[in-house]
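Heads up: the structure comes next, in structure tokens.
The values are calculated or read from the model by the stated rules, or taken from the named source; none is laboratory data. Note that the coordinates shown come from a computational prediction; the quantities given were computed from them, not determined experimentally. As a convention, Cβ positions derive from the backbone with ideal geometry for all residues, glycine included, and neighbour counts pool all protein chains shown.
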Amino acid sequence: MENTNMLDSAVLDVRNISVSFGGVKPVQNVSFTISENSFTSVIGPNGAGKTSLFNLLSGMNKVDSGEIIFRGEAIQSIHAHKIAQKGLVRTFQGAKIIRRLTVAENLMMAVQGNPGDNLMGFLNPRARKSFEAKAREEAMRRLDQVGLTKFADEYAGILSGGQRKLLDLSRALMADPKMLLLDEPFAGVNPTLVEKLLTVLAALRKEQSITFLLIEHDLETVMNISDRVIVMADGKIIADGLPNSIYENDLVIDAYLGSRRKDA
Amino acid sequence: MEAFIQPGFWIFVLALAGIYGVFSLGLQIQYGVGGIMNFGHVGMMAVSGYTIAVLVIKYQWSFWWAALLGVVLAAFLGALLGLTTLRLSGDYFAIASIAFAEIVRYWILNSDDITGGTQGTLAIPNPDGFGGYTDQPDVILNWISDRLYPIIGDEASRDLSMVLVVWPFFFLFIWISSRLQKTSWARVLRATREDDDVPRSLGKNVFRFRLQTLIIGSVFGGIAGVFWALQFALLAPEDFLRIVTFYGWMILILAGASRVKGLFIAAIFFGFLYGATRFLEFWPLSLLSSPERAYLRVFLIGLVIVLLMVKRPQGLFGKRQEMILE
């Protein structure tokens, strides 16, 4: 009985995962547990293995060893698209939007269980069209949330960098995630927009009970919104705790500033 | 130049345009929607054309049943090509697809017992042991001509019958394909054209979408092979050289890869270019012999593709904006 309870509160349980590409070992023996409806940030310097970790969690790359348990189910060896279908949805560094689809189409593409995605659905136009209308409605609602309504029927390729970030986030939400993996959503975004994104995320957490795991470069940015911060360097977790406690961690300071103090 | 004012010339152009048009419909959905660069499309046409010839001549099948099996085999081959090589990324798949069509052609060339080898389908023995020829395509087309004769007299020709068979199908397929391209299935496919990772991360099985697209395109290639067999009755391995694939590509690029509805106009333009070169008898082209002039079409087609790429990369009917988005 106790075991079940534990599973219920842990959305994601990462057990000792490692991966190597040739001589490079971007993720080594990483373990952590993410509890339901929490907001965790993964920080670390360039090359720490943050994105590699996301690639493993989302199934884009496969682990060499270890287990990834998502909502009670081992997912380390199943296809990326199936992981997304289970509700573990990721975004990419630098907002990958589909330029030659319209902004609304970018969102509508993400909807799960669309009968029109299946070739057999071609033979059932009525089901297809009613689903499509609903998808469009939801897309417009999402666009309204982030202030992109007026671009709905423009090619997404005309959006600015910041607008692309907003679209990328909205699109991930359209996929009905239980847990979102956001890869540097604030990189290269101006401070005003960072504030806006943070507000959107905070609101989502309240309204939709989504669990967040987010990669960020800069601890400052995610300080207030995070319940917990995991610090990575050289493929390993070097610190894990409340945001404030991270500031005082010597290992973290070393990782970011180099180990000058030891030399001195 | 008189040739160009004869109705017969234009009917021939239309017959050719219809066959190549259906052929290029396959490339259109593969490349224009799915971004799959298939340079081996001619292989599908060869497989279905030869399937028909062998079944009809050697095993005395009816043309239509043989045609059905030809298209099924082309689809099957598309699936085989996809399952083995579609996981390769863009350029690598393009190269593999060329090799695939060449394998098909070499197999036909070297399997004398089945396909007649270098001599073409004439060398396929029929059950009486004689050289293979089937009058089925003639019977089908003449049946139509006979019915047209009372109405239009001497203008009723084999080519005209062919046009009347091919073009309704061509328009039907354009319509079906354009409907298909409005579905959310096609939307996902367009996304895979730009970036595999995005649809994958949103729960879409990218490989399934691409494989389906390759098979649908192969079906169009196979159907073009049926029309080819109907038009020419005799097939030879050199009918299915790589250049045929690029004829299809020219039509596609001319129309604009993402615009299926413009395809028929581009197909007619191609048919004209293909059919007209041998009739260009003015100086200095008159210095060349007729077969030499026929090769001009290859140059002309190359020239058209280059000019389009420079001046109008979106094709005649494409949207320029789609080409410049970053």
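Of the residues making up the stretch B:248-266, those that are of a type outside the set (A, V, I, L, M), surrounded by 24 or more Cβ atoms within 10 Å (Cβ to Cβ) and not in a loop (DSSP other than H, G, I, E, B) number 1. Only one of the numbered conditions (1) crowded, with 20+ Cβ neighbours inside 10 Å; (2) part of a helix (DSSP H, G or I) is violated by residue B:164, and that is (1). Cβ separations smaller than 6 Å between residues 6+ apart or across chains give the following pairs from the stretch B:268-282 residues that are touching a residue at least 40 places away in the same chain (Cβ under 8 Å) to residues that are surrounded by fewer than 18 Cβ atoms within 10 Å (Cβ to Cβ): B:279/B:3. Among the residues making up the stretch B:208-223, those that are closer than 9 Å to residue B:71 by Cα and either crowded, with 24+ Cβ neighbours inside 10 Å or within 10 Å of the chain's Cα centre (by Cα) (or both) are B:218, B:220, B:221, B:222, B:223. In the stretch B:66-74, the count of residues that are surrounded by fewer than 14 Cβ atoms within 10 Å (Cβ to Cβ) and either over 19 Å from the mean Cα position of the chain (by Cα) or assigned to a helix (DSSP H, G or I) (or both) is zero. Among the residues of the stretch A:91-117, the one identified as more than 7 Å from every other protein chain (Cβ to nearest Cβ) and within 19 Å of residue B:213 (Cβ to Cβ) is A:115.
When the stretch B:144-161 is limited to residues that are part of a helix (DSSP H, G or I) and free of Cβ contacts under 8 Å to residues at least 12 places away in the same chain, the one that is surrounded by the most Cβ atoms within 10 Å (Cβ to Cβ) turns out to be B:149. The residues on offer are A:204, A:198, A:180, A:193, and the sole one that is buried (at least 21 other Cβ atoms within 10 Å of the Cβ), touching a helix residue (DSSP H, G or I) at 6+ places or on another chain (Cβ under 9 Å) and either of a type outside the set (Asp, Glu) or within 11 Å of chain B (Cβ to nearest Cβ) (or both) is A:180. Applying the set (1) more than 14 Å from chain A (Cβ to nearest Cβ); (2) buried (at least 23 other Cβ atoms within 10 Å of the Cβ) to residue B:244 leaves exactly one unmet item: (2).
Of A:82, A:50, all but one fail to be charged (D, E, K, R) and at the interface with another protein chain (Cβ under 10 Å from one of its Cβ atoms); the exception is A:82. Within the stretch A:53-79, the set of residues being within 14 Å of chain B (Cβ to nearest Cβ) and in a strand (DSSP E or B) comprises just one member, A:70.
Which residues, counting only those in the stretch A:242-254, are surrounded by 14 or more Cβ atoms within 10 Å (Cβ to Cβ) and at pLDDT 80 or above? Listed by number, the residues that qualify are A:243, A:246. Note on the stretch B:177-198: among residues that are over 16 Å from residue A:128 (Cα atoms) and without any contact (Cβ under 8 Å) to a residue 40 or more places away in the chain, the one that is farthest from the other protein chains (Cβ to nearest Cβ) is B:196.
Listed here are the residues, each with its yes/no results for (1) within 26 Å of residue A:256 (Cβ to Cβ); (2) buried (at least 17 other Cβ atoms within 10 Å of the Cβ).
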{"site": "A:9", "(1), (2)": "no, no"}
{"site": "A:29", "(1), (2)": "yes, no"}
{"site": "A:35", "(1), (2)": "no, no"}
{"site": "A:45", "(1), (2)": "yes, no"}
{"site": "A:49", "(1), (2)": "yes, yes"}
{"site": "A:71", "(1), (2)": "no, yes"}
{"site": "A:81", "(1), (2)": "no, yes"}
{"site": "A:88", "(1), (2)": "no, yes"}
